[in-house]
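So the structure is just underneath, and the comments pick up after that.
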Amino acid sequence: MKTYVGIDFGACDIKAAKISPQIKRVQNVKLNMSMAGNAALPAVIFYDKIKDTVEVKVGDGAKSNVDIDNKISRIIPKIARKSWSRYIPNLNREISAADALTDMLTKIWKHIARQAAKDENFDVTVTVPAAFSEAQKKIIKQAAINADVPISSIIAAPFAEIFSCNEFFIGDTAQIVLIFDFGGTALDVNLFKIERNAKTFAVTELSAATLNYGGTNIDYGIFLNIFLKKYADTINKVFSDDKAGYELIMLIEKMKEEIFIDEEDSSSGSLIDDKGNFYEFELTRQEVFSAIEIDGVKSKITAMLDDVLDDAGISPSDVNALKVFGGTASIDYFLDVLENYFGEDIFCAEDFDREGITAGAAIGAVKYRKLTNEENLRVKVKNIVPCGIYILRGDKFFRCIKRNELRGFVTPYKPILIDELKKNNWHVSFYQSYCNEVELPAAGDDAVFLGDIKLDSRLYTSTQAILFKMHINAAGQICVKFFEDGKVNGRSKITLVEEKILYPGRVTGIKN
């Protein structure tokens, strides 16, 4: 008999759940031992140096430390990049996102294993953001292996969240389900069609999109648009440096969470400066709403929902179920936006149950693994092309295939300058994103690294530019063809030189 464990990696928090042979129901695993009643662990790691020894700390102890030079936050978004590393003074070396993830997993897994019997047989499923490609899947799997985590599968968080909902496994009726996952750094909206019979559970991803706005943006908005005016004298006098400013942002986050978790109209908090002076602050529910209004988030969410439904060719009334996850979604303001958009028959803000809102992916991962492993449920997964495909040129990503494009679509010819190829050692870097902009800044978190293609420079005679075109085939592979534009008998002729294939590695329901 196995103990199934699900670990959900969010940008801000890590959650875990399990089903054991002794207790055959899903239990949240309390990762955060320093906070009463909160099982989630802040996804922050701190390398603390005590004399000549470096101690790895994770969670609240790491998050609250103001030594930002030896601390790494938001590890999962950093893994989405082609490469990321930072010098950690206390280690006296560079550390990569993969290294930091390994160190964090090592601490987390030791904590989970300590709560189990010595002979317990673990089977671990890890959930990751929906846009993660094969490149990130490999990094996370290797980090888990290095941390001695008995990982069995990696699945996308929105897909896992479907399995946390028992009602989808009753009856044989097809349903259109929208997953609204609003976390600390992003809002992910995924639209699925679910079909169920006795032994098959078919999931078709109809459309998806991401808005890079979450709880951390709200915290900064409260600081910028509310507190800088409300407490101008105090902030200008005391909280001007990075250390003090960081402490104030953390206090705003804590007060905001108290308002919506405890369902209060206001919350208060205090800070003490280096001289021992005491400062009190208050945050109200209406002030949080005001900060959100200033950012214009309501119109962004409405436009995002319109876009996702339009891409799938359905209307709000065609949606059978709406499931909400993520800590930021617990804010009443957003629940009201959903009720106004879909209507009370689909979603009623007053009836919303906050239980499981943050741990849904971890719970779903456990149920998914147990259903497919022990109960022989066959899961059929079908995807469209929910991510746009981009190519990196200089400091920008340029879109080649738009989000939710039909498979088989072939792009027109696009040029790549020879000087650019030489600069990158004849490598071409590809990315994928839920955004649908023609251009994205390379410095942001909008795009996820997909892979590199290495061209054979010896095959090309052009001195100015070459051409390429691409399409996604029925197997979900990205086929890229590279051409030269020359002349034969005085007439222009485009000649195929090389053909390469990339696999996006969509992790939705794919086992290792």
>> Cβ neighbours within 10 Å, averaged per peptide: list 274-282, 136-144 in order, most packed at the top.
In response: 136-144, 274-282
> Within the chain, which DSSP H helices have Cα atoms that stretch 24 Å or more along the helix axis and a mean Kyte-Doolittle hydropathy of at least 0.0?
Replying inline: 97-114, 242-261
> Under the rule of -39500 (n - 2.57) per DSSP H run of 4 or more residues, summed and divided by the residues of the chain, what mean residue ellipticity at 222 nm is obtained, to the nearest 500 deg cm²/dmol?
Replying inline: -8000 deg cm²/dmol
>> Quick check: residue separation of Ala465 and Phe278 times 0.36 nm, minus the Cα distance between them. What number comes out in nm?
In response: 60.9 nm
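Extension gain Ser299-Asn373, at 0.36 nm per residue separation less the Cα-Cα distance, in nm?
Full-extension gain reported as 22.4 nm.
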> For the chain, what mean projected area does the convex hull of the alpha carbons give, in nm²?
Replying inline: 28.0 nm²
> Suppose R0 equals 35 Å; then what is the FRET efficiency for Gln286 and Asp318 from their Cβ-Cβ distance, rounded to the nearest 0.05?
Replying inline: 0.50
> Which distance in nm do the two modelled labels at Asp307 and Lys380 give, with both placed 7 Å along the Cα-to-Cβ direction?
Replying inline: 3.1 nm
>> Compute, for the chain, the length of the dipole vector about the Cα centre, with Cβ point charges of +1 (Lys, Arg) and -1 (Asp, Glu) only. Units Debye, rounded to 20.
In response: 2840 debye
> At Glu344 and Asp172, where each label point lies 7 Å from the Cα along Cα→Cβ, what is the point-to-point distance in nanometres?
Replying inline: 3.5 nm
> Which value, in Å to one decimal place, does the Kirkwood hydrodynamic radius take for region 309-453 when every pair of different Cα atoms is included?
Replying inline: 19.1 Å
>> Please enumerate, by chain and number, the lysines with C-alpha under 19 Å from the C-alpha of Lys275, excluding those fewer than 8 residues away in the same chain.
In response: Lys237, Lys243
> Once you sort the root eigenvalues of the Cα gyration tensor of region 87-221 as a ≥ b ≥ c, which label holds: rounded (a/c under 1.5), prolate (a/b larger than b/c) or oblate (the other case)?
Replying inline: oblate
> With labels modelled as points extended 7 Å from the Cα through the Cβ direction, what inter-label distance (nm, one decimal) is found for Asp353 paired with Asn236?
Replying inline: 5.1 nm
> Assuming R0 = 25 Å, what is the FRET efficiency of Glu499 and Asn212, from their Cβ-Cβ distance, to the nearest 0.05?
Replying inline: 0.15
> Based on the Kirkwood radius over alpha-carbon pairs, what value in µm²/s does the Stokes-Einstein equation return for the translational diffusion coefficient of region 354-412 at 20 °C and 1.002 mPa s?
Replying inline: 141 µm²/s
> How much FRET efficiency would the formula 1/(1 + (r/R0)^6) give for Asp67 and Ala116, where r is the Cβ-Cβ distance and R0 is 30 Å, rounded to 0.05?
Replying inline: 0.35
>> Given bins 5 angstrom wide, list per bin the percent of all Cα-Cα distances in region 1-145, short to long.
In response: 2, 9, 18, 22, 19, 15, 9, 4, 1, 0
> Based on the alpha carbon coordinates of region 421-512, what radius of gyration and maximum Cα-Cα distance (Dmax) apply, in Å?
Replying inline: 16.1, 54
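Just so you know, all these numbers are worked out from the coordinates, no wet-lab data involved. Keep in mind that what you see is a predicted model, and the values were worked out from it rather than measured. Heads up, the Cβs are rebuilt from the backbone with ideal geometry, glycines too, and the neighbour counts pull from every protein chain shown.
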